[in-house]
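The values are calculated or read from the model by the stated rules, or taken from the named source; none is laboratory data. None of these values were measured; they are calculated from a predicted model. Note that we place each Cβ from the backbone using ideal geometry, even for glycine, and neighbour counts take in every protein chain shown.
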Amino acid sequence: MVEIMHSNILELYELREDALEGGGQKRIDHQHKGGKLTARERIDLLLDEGSFEELDILKVGRNAVSAGETYPGDGVITGHGTINGREVFVFSQDFTVTGGSLGEGHSQKICKIMDLAAKVGSPVIGLNDSGGARIQEGVDALAAYGEIFHRNVNASGVIPQISCIMGPCAGGAVYSPAITDFIFMVEQTSYMFVTGPNVVKTVIHKEITSEELGGSQTHASKSGVAQFVYPNDILCLRAVRQLISYLPSNNRQKAPILDLNDPPERTDPALDYLVPSNPNQSYDMNVLIKSILDGAEFLEVQPQYAPNIICGLGRLGGQTIGLVANQPAVLAGALDNNASAKGARFVRFCDSFNIPLVCLVDVPGFMPGPEQEHGGIIRHGAKLLYAFTEATVPRITVIVRKAYGGAYIVMNSKHIHCDINYAWPTAEIAVMGARGATEVIYRKEIKAAENPEALFNEKMENYRKHFMNPFLAAKRGYIDDVIFPRDTRHRLIRTLQILENKKGGRPDRKHGNIPL
Ligand code: HXC
């Protein structure tokens, strides 16, 4: 006897078939020609093979239903799957369907997975490729964005939120990614701006391309909007998987431990020679970072933006840490407005998600000059000070060389209650550098001297001998130990172990008022 399949089951096959085709082969080819993958191809690359479970594949927007139009999936594919076996939620905008434009149904699909993710405590990854608010839906489309923004804010600090910009992202639509923790962009195919080149031309009569105005390089190096940039969709999605491997799934968990088979007791004698004897000579802080981290693996955040401060994720003894380091090879490692804001945001991210902070210090001070002062170095520097001070995760500091003045205090010092701090013997913990100090303290004496230059040099040398070391601070108990550079990795791992169960509280309040 021939079994006849129920007509609804047959219909389901057909409906799914239609949805899987998205905007059709012609538009898919167009997407590929432009160097972009389709929304589904991207999900396949992002998630563990075969792990994607789609939700709402049949959903279309109310407006589409009334107009009798079919917008497969309403321009977005949503669901969940795993990355290295851990659950994540994902939405992927389908540019082949009405340009991935966002209307009511599209937004409802995104909101549904955001709500689920917040409930179960898993990250949300958004793959953005959209022409913005669906113009035909008018104010419904604007309301739809608002619903997403509201959820982005409520999920902030609860679950990691990651945005990949893989096509256009314009107008108010930029504000959802902007609220998420990390923005990835793809070179050449992605751009983000609040007002596009046409509006710029009309309002301020300036010709500018989309790429110049809001391409990946612009946001990676000038605006600081993007944290990561990759040459194509494939490398971008691979990097998202890597980022997820460092993170806990939510703010109640700790990051997963990953053993990279790098012995915790490993020492590096070369570090004893890293800091040059001449205090004016620079060196590359990355050498120290790579040396101490497990397997020399380091995922740097915003490498092209404010490179005078280095922020990123690595592991020590298998445990994820957030690393913040001054880079003496750029602007002598001085803190400026951008570096302060970059550092502060990263510190707050780590604190939100129980990631211990390790701070490597070589800072001659804040960057002087009207540009910095007028740009708000007081406000921006205060952000970094505030962020370190309020962080309740384990906080460890190693002073490698310069630690001068206010910048010394700000860089996770003992005085703002880091848990444990070390100094290398090469550390110079002082109110200011030898030259500046000599000029201030001995100005009159030197002016009156027979040989001012000789006296200046003598006084400067005395100051250097007396103040430019870690021993005065160690005698006062402001430094927990002066350590041999070669032992840094081992000492950090041991310290993280003792701080593992640290309980840190904050005063009872709604929230503090970080100087934004
Ligand atoms: C409806 C849209 C659309 C939109 C694109 N499409 N954007 N439909 N609403 N916002 C449709 C197109 O009509 C076209 O349909 C298909 O998507 C592909 O678009 P193309 O223009 O052919 O593609 P391309 O040449 O690659 O150009 C992409 C684009 C352009 C640069 C994004 O489409 C564009 O400028 N779109 C409008 C962008 C915009 O102004 N959005 C509103 C931003 S303000 P067919 O059927 O012809 O294939 C905003 C406010 C958010 O978003 C507020 C939040 C609070």
Query raised in the report: Quick one: is ASP262 out of contact with any strand residue (DSSP E or B) (no Cβ under 6 Å at 6 or more places or on another chain) and either closer than 23 Å to GLN31 by Cα or at pLDDT 95 or above (or both)?
Result: yes
**Report entry** Close pairs (7 angstrom Cβ cut-off, 6 or more residues apart or separate chains): surrounded by fewer than 22 Cβ atoms within 10 Å (Cβ to Cβ) in the stretch 363-375, among the acidic types (Asp, Glu) and not in a helix (DSSP H, G or I) anywhere
**Finding:** GLN372/ASP336
Query raised in the report: Restricting the stretch 163-184 to residues that are more than 15 Å from the ligand (Cβ to nearest atom) and aromatic (Phe, Trp, Tyr), which is farthest from ASP115 (Cα to Cα)?
Result: PHE184
Query raised in the report: In the stretch 206-230, which residues are in contact with a strand residue (DSSP E or B) (Cβ under 9 Å, 6 or more places away or on another chain), under 26 Å from ALA341 (Cα atoms) and outside any helix (DSSP H, G or I)?
Result: GLY215, VAL225, ALA226, GLN227, PHE228, VAL229, TYR230
Query - Only listed residue being of a type in the set (A, V, I, L, M), modelled with pLDDT of 90 or more and part of a strand (DSSP E or B), chosen from ALA403, ALA407 - result: ALA403
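Report whether or not SER223 is under 19 Å from the mean Cα position of the chain (by Cα) and more than 24 Å from SER130 (Cβ to Cβ). Walk me through how you get there before you give the answer.
Details: under 19 Å from the mean Cα position of the chain (by Cα): yes; more than 24 Å from SER130 (Cβ to Cβ): no.
No: the conditions fail for SER223.
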Report task. Starting from residues that are more than 27 Å from the chain's Cα centre (by Cα) and more than 11 Å from the ligand (Cβ to nearest atom), keep the ones in the stretch 94-110 and report whichever is farthest from GLY146 (Cα to Cα). Result -> GLY105
Report summary line: Taking the stretch 194-239 and keeping residues away from the ligand (no atom under 15 Å from the Cβ) and of a type in the set (S, T, N, Q) leaves SER216, GLN217, THR218, SER221, SER223, GLN227, ASN232
Requested in this report: Return only the number of the condition from (1) modelled with pLDDT under 95; (2) more than 16 Å from the ligand (Cβ to nearest atom); (3) crowded, with 17+ Cβ neighbours inside 10 Å that LEU58 does not satisfy.
Outcome: (3)
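May I ask you to list the residues in the stretch 1-28 that are within 13 Å of the ligand (Cβ to nearest atom) and among the charged types (D, E, K, R)?
Going residue by residue through the stretch 1-28, those that are within 13 Å of the ligand (Cβ to nearest atom) are 22-24, 26-28.
Selection gives LYS26, ARG27.
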Query raised in the report: Since ALA437 meets every condition but one in (1) out of contact with any Phe, Trp or Tyr (no Cβ under 6 Å at 6 or more places or on another chain); (2) in contact (Cβ under 8 Å) with a residue 12 or more places away in the chain; (3) small (Gly, Ala, Ser), which condition does it not meet?
Result: (1)
Report summary line: Result of the Cβ filter at 8 Å on the stretch 89-108, keeping first residues that are touching a residue at least 12 places away in the same chain (Cβ under 8 Å) and partners that are near the ligand (Cβ under 7 Å from one of its atoms) and of a type in the set (Ser, Thr, Tyr), at least 6 apart or interchain, is LEU102/TYR145; SER107/TYR145
Report summary line: Exception for TYR71 within (1) closer than 28 Å to LEU235 by Cα; (2) within 16 Å of the ligand (Cβ to nearest atom); (3) of a type in the set (Ser, Thr, Tyr) falls at (1)
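Residues in the stretch 124-162 that are more than 15 Å from the ligand (Cβ to nearest atom), of a type in the set (Gly, Ala, Ser) and in contact with a strand residue (DSSP E or B) (Cβ under 9 Å, 6 or more places away or on another chain): how many? Lay out the reasoning, then the answer.
Within the stretch 124-162, the subset more than 15 Å from the ligand (Cβ to nearest atom) is 124-125, 127, 154-162.
Next cut, of a type in the set (Gly, Ala, Ser) only: 155-157.
Now drop any that are not in contact with a strand residue (DSSP E or B) (Cβ under 9 Å, 6 or more places away or on another chain), which leaves 155.
Matching residues across the stretch 124-162 total 1.
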Query raised in the report: For the stretch 271-315, what are the residues that are in a loop (DSSP other than H, G, I, E, B) and closer than 18 Å to ARG486 by Cβ?
Result: LEU274, VAL275, PRO276, SER277, TYR283, ASP284, LEU293
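With ILE396, ILE378 as the choices, which residue is in a helix (DSSP H, G or I) and modelled with pLDDT of 95 or more? Talk me through it step by step, then tell me what you get.
Numbers: ILE396 fails: in a helix (DSSP H, G or I).
So the residue among ILE396, ILE378 that is in a helix (DSSP H, G or I) and modelled with pLDDT of 95 or more is ILE378.
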Query raised in the report: Is it the case that the stretch 411-432 has a residue that's hydroxyl-bearing (Ser, Thr, Tyr), surrounded by 13 or more Cβ atoms within 10 Å (Cβ to Cβ) and closer than 19 Å to PRO364 by Cβ?
Result: yes
**Report entry** Pick from the stretch 105-155, criterion modelled with pLDDT of 95 or more and polar (S, T, N, Q), ranking: surrounded by the most Cβ atoms within 10 Å (Cβ to Cβ)
**Finding:** ASN128
Requested in this report: Name the one entry in ALA296, ALA270, ALA239, ALA255 that is under 20 Å from THR320 (Cβ atoms) and either over 27 Å from the mean Cα position of the chain (by Cα) or free of Cβ contacts under 8 Å to residues at least 24 places away in the same chain (or both).
Outcome: ALA296
